[in-house]
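Trainee: Dropping a structure here in structure tokens format, bear with me for questions.
The values are calculated or read from the model by the stated rules, or taken from the named source; none is laboratory data. Note that this is a predicted model, so its numbers are computed, not measured. Backbone-built Cβ (ideal geometry, glycine too); neighbour counts: all protein chains shown. Just the protein is used for accessible areas: all its heavy atoms, side chains included, with ligands, DNA and RNA removed. Shrake-Rupley method; radii C 1.70, N 1.55, O 1.52, S 1.80 Å.
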Amino acid sequence: MASTIDLRAVSRLVELPRDVYRLLERPEQETRCTLNIVYGGELLCMDAYVVIHCSVRGPGKGGIRLSADVDMAETSSLAELMTYKCALVGIPFGGAKSGIKLNPKVLTEDSRTSLIMEYVHCFKHILESGLYIPAPDMGTNAGDMATIFGCTHIPECVTGKPPRIYGLPGREEATGYGSATVTKMTAPEALGKEVKDCTVAVQGFGNVGRWTAYFLSLAGAKVVAVSDLSGCAYCEHGFTPDEILKCSGEELSRQRQRLERESLFDLPVDVLIPAAVGGAINGDTAERVGAKLIVEAANEPVTPDGDAALMGRGITVVPDILANAGGVVASYVEWRQGKSGEVMERERTYSIIEDRLERAHSAVRKASEELNISLRQAAHTIAVNEVAQAMVERKWVHVPA
Ligand code: NAD
């Protein structure tokens, strides 16, 4: 089974017991269920997946993706990424992910609730055991997490809930807050200027894209373009934070200028933030990219050939396991809050995210400089090493004397 990251490259940089790689190459658990709901008088049957990749550092953490394209392979790959993300930012979770194979656009509010209740019904044993703790991902939201809590009555068995329902103030915007924070940290070293002097284009205007754009515009960056499935909205002088929060992508392009969706990649901006789908920047797209810095707010938005092409062009890429880790850090805080009953303030959530990302960012930067490798290779090396040490400590692998 192929790993989602280049484990062979990592093995050339750090010496680890061979069995570590064998354990990382395949997930611990893959479960598939059929979810059945009656919708508009018709029976709707769809596949749903839960994958726990590795639990050596703690229970599996990862969002629920609701998409017509998701399958077991994609869910597995995203679960593995979560293993490394949690390890990189030093939170005691393993990697996991869920997928539900359905286009969320076809759902009414009521049928969405039925679907999530059916999901809990089918995966109840995994959710209630605490082995897997879901959160929102593409296509799911805080309301869905409230539905999961409503079925289990266990506050810590799901994160990303609305603040009134055992949620965490600041969790909704946490991933975007983290992506904007990492952009601020990286801009001076990659571009030689502060983020307030940068122009930015953001692909995806859902939870992650919108909040990333908002926090960057608040920091003074000029967010000149945002795209979603409806197209690309462009404003030479930059959208205001208020517009970014209140308008849909379609409204922005009606009020300002509309471009072809894909032309976002060609724009001569300082920073490009893919915050939509996996595989958005492939070998061909990479040749057209007009930015000098890419911050992967989405999971796996750059394909391996895209990555090689970007590297060849001297474009810095901040990898997903660092760039979008703000969400899982906040999820950890929410999980702790659920267990202890303590109530956190929004500002405290922000400062914990900043602290974790700052530490991870400087470790990645240092390893990248010392070993003369990309930020992605550095992040993967640190994360795999961390997971490996946990495997050694738990005696999951044998270390020859
Ligand atoms: P979402 O469903 O809220 O938003 C996705 C957005 O992408 C929508 O605006 C959609 O219109 C747009 N989109 C889809 N295809 C597009 C395309 N081809 N071109 C332009 N726009 C397109 O999803 P989200 O929660 O914001 O997640 C986005 C990405 O961030 C995913 O890769 C997800 O795995 C990752 N992520 C999310 C979280 C989180 O907390 N939600 C945490 C970490 C990583």
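Trainee: Binning at 10 Å from 0, report for the chain what percent of all alpha-carbon pair distances ends up in each bin.
Mentor: Pair shares across the bins are 5, 24, 33, 26, 10, 1, 0.
Trainee: Now for a separate question. Using R₀ = 35 Å, calculate the FRET efficiency as 1/(1 + (r/R₀)^6) where r is the Cβ-Cβ separation of residue 389 and residue 34; round to 0.05.
Mentor: 0.35
Trainee: What percentages make up the Cα-Cα pair-distance distribution of the range 7-155 when the bins are 5 Å wide from 0?
Mentor: Histogram of Cα-Cα distances, whole percents per bin: 2, 10, 19, 22, 19, 12, 7, 5, 3, 1, 0, 0.
Trainee: Same structure, new question: Could you tell me the calculated FRET efficiency between residue 218 and residue 18, based on Cβ-Cβ distance and R0 = 56 angstrom, to the nearest 0.05?
Mentor: That pair, residue 218 with residue 18, gives E of 0.70.
Trainee: Just subtract the alpha-carbon distance of residue 362 and residue 284 from 0.36 nm times their residue separation and send over the number in nm, one decimal.
Mentor: Result for the pair: 25.0 nm of gain on full extension.
Trainee: Multiplying the sequence separation of residue 73 and residue 164 by 0.36 nm and subtracting their Cα-Cα distance, what value in nm do you get?
Mentor: Separation in residues times 0.36 nm, less the Cα-Cα distance, equals 29.2 nm.
Trainee: Separation between the residue 396 and residue 6 pseudo-spin-labels, each 7 Å from Cα along Cα→Cβ, expressed in nm?
Mentor: The two pseudo-label positions are separated by 2.4 nm.
Trainee: Turning to a different aspect of this structure: If I compute solvent accessible area with a 1.4 Å probe over the protein chains, what percent of it on the range 7-155 is carbon and sulfur?
Mentor: 50 percent
Trainee: Structure shown: which of 85/196; 61/161; 85/222; 124/395 lie over 21 Å apart, alpha-carbon to alpha-carbon?
Mentor: From 85/196; 61/161; 85/222; 124/395, over 21 Å: 85/196; 85/222; 124/395.
Trainee: Taking the Cα-to-Cβ direction at residue 197 and at residue 262 and moving 7 Å from each Cα, how far apart do the two end points lie in nm?
Mentor: If labels sit at residue 197 and residue 262, their model points lie 3.5 nm apart.
Trainee: Could I ask something else about it? Within the chain, which cysteines find no other Cys whose Cβ is under 4.7 angstrom from their own?
Mentor: That list is 45, 54, 86, 151, 157, 198, 232, 235, 247.
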